[in-house]
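Reviewing the structure listed below.
Bear in mind these aren't lab numbers, they're just calculated from the coordinates by the rules spelled out. What you see is a predicted model, and the numbers here were worked out from it, not measured in a lab. Here the Cβ positions follow ideal geometry from the backbone for every residue, glycine too, while neighbour counts run over all protein chains shown.
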Amino acid sequence: MNVANSTASPLTNGSGAAAILAAGVGSFTLAVLACAGDKLATVKNSLVFYKPTGPLSGVTTAAILVWLLTWGILEWRWRKRTVAAGRISAIALVLLGLGLLLTFPPVVDLF
Amino acid sequence: MEIAARGLWTLIHGMGFGALYLLACSGALAELYRFTTSSQLYESTPGQERFLKIYLLTMVILAWAAVLTGAYVIYPWYRAAPPPGTVGLSMFPQRLLMSSPATIGWHSLGMEWKEHVAWLAPISITMVAFVFIKYGRDIKNHRQLRAAVLTFAMVSFVAAGIAGFCGAMINKYAPVQGGAMIQLNHGEEK
């Protein structure tokens, strides 16, 4: 992401932007994995991390790992920087919106 | 007066964590909006800011407790498969819902939606709490971050609302039953 002009704040916006983008990535990953598990038997079977809970255990565990890993990497890269928060927030909100949409079963059935 | 252990867990999950989280959401949204807008009329004190940070952290705990108890305590009881030849399905909520065209939608739409959308709530509110704790009142100076935080908080509320509604309706048509009976009160005949 491009480095933007700094604000009047003593804190840079990089840390906040990292958390926001990671939350968007995590939400989208969860929805994509849920959708893939619903459509593909091999993915569904590979997502059974805890048998009593079934594929939901793998979908959520994998999504949480992706979310935290993304957050950690972005925090490490951006924490002291001022980044293009507008564009990053927009990307995060699109990912969140897609994530919300892809958890709705009638939308999943379109694929 | 008694309650089955599985019913008690459902209460803890839905009423204890889920409903409390939903109640907390409205307060959090109002406070976040007030704190993050730049109006000088509502200048917050450090005490109020500290209170909101603790409030948001409590919401994070409630949200994670709700999804974790839902997925790892109640959901296995919900999706349990009946042994071959089982006639009564009351102990197998998923199969009970799927056994009738009048209720199958509560599984194929209600539970399928709830079990995934609910997780957007803890992910979103964890981020909201982190950003607010990190920036506090200074978030007023970061307009784009502020807008994203408020939107994620709103989506967290919506996701929890969908999960709560579907959960309540599923529990109405096919409650999770069984487990040890817990005596709450010894009733007396009047």
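Compared with the dominant Cα axis of chain B, that is its longest principal axis, helix B:120-135 is turned about 20°.
Among B:101-107, A:50-56, A:90-96, how do they line up by average Cβ neighbours within 10 Å per residue, starting with the highest? Mind showing how you got there, number by number?
Values: B:101-107: 15.1, A:50-56: 17.3, A:90-96: 19.0.
Descending packing order for the listed peptides: A:90-96, A:50-56, B:101-107.
Principal-axis analysis of the Cα atoms of chain A puts helix A:14-39 at an angle of about 10° to the longest axis. Partner lysines whose Cα lies under 30 Å from the Cα of residue B:140, excluding those fewer than 8 positions away in the same chain, are identified as A:80, B:53.
Computed about the Cα centre, the dipole magnitude for the protein assembly as shown is approximately 820 debye when only Lys and Arg (+1) and Asp and Glu (-1) carry charge, each at its Cβ. Counting, for every residue in A:66-78, the Cβ atoms of other protein chains within 10 Å of its Cβ and taking the mean gives 1.
Charge dipole (Cα centre; +1 on Lys/Arg Cβ, -1 on Asp/Glu Cβ; no other charges) of chain B amounts to roughly 460 debye. The charge dipole of segment A:14-104, taken about its Cα centre with unit charges on the Cβ of Lys, Arg, Asp and Glu (plus for the first two, minus for the last two), comes to roughly 240 debye. According to the square roots a ≥ b ≥ c of the eigenvalues of the Cα gyration tensor, what is the shape class of segment A:63-111, taking rounded for a/c under 1.5, prolate for a/b larger than b/c otherwise, and oblate for the remainder? Since a/c reaches 1.5 but b/c is at least a/b, the shape of segment A:63-111 is classed as oblate.
When segment B:40-190 is described by a simple charge dipole with +1 on each Lys and Arg Cβ and -1 on each Asp and Glu Cβ, the residue from B:85, B:148, B:119 located farthest towards its positive end is B:148.
What is the average number of partner chain Cβ atoms found within 10 Å of a Cβ in A:86-96?
Values: counts 5, 1, 3, 10, 3, 0, 4, 5, 0, 0, 9.
Partner Cβ neighbours, averaged per residue: 4.
Three semi-axes describe the equivalent ellipsoid of segment A:14-104; taken as square roots of 5 times the Cα gyration tensor eigenvalues and ordered largest first, they are 28, 14, 7 Å. Considering only A:25, A:76, B:132, the residue lying farthest towards the positive end of the dipole of the protein assembly as shown is A:76, judged by Cα position with unit charges set on Cβ.
For chain B, the longest principal axis of the C-alpha atoms and the axis of helix B:20-36 are separated by about 10°. Once the Kirkwood radius over Cα pairs is known for segment B:48-190, the Stokes-Einstein relation at 10 °C and 1.306 mPa s delivers a diffusion coefficient of 89 µm²/s. For segment B:1-84, GluC sites (Glu not before Pro) are listed when DSSP marks them as loop and at most 12 other Cβ atoms sit within 10 Å of their Cβ; the list is B:43.
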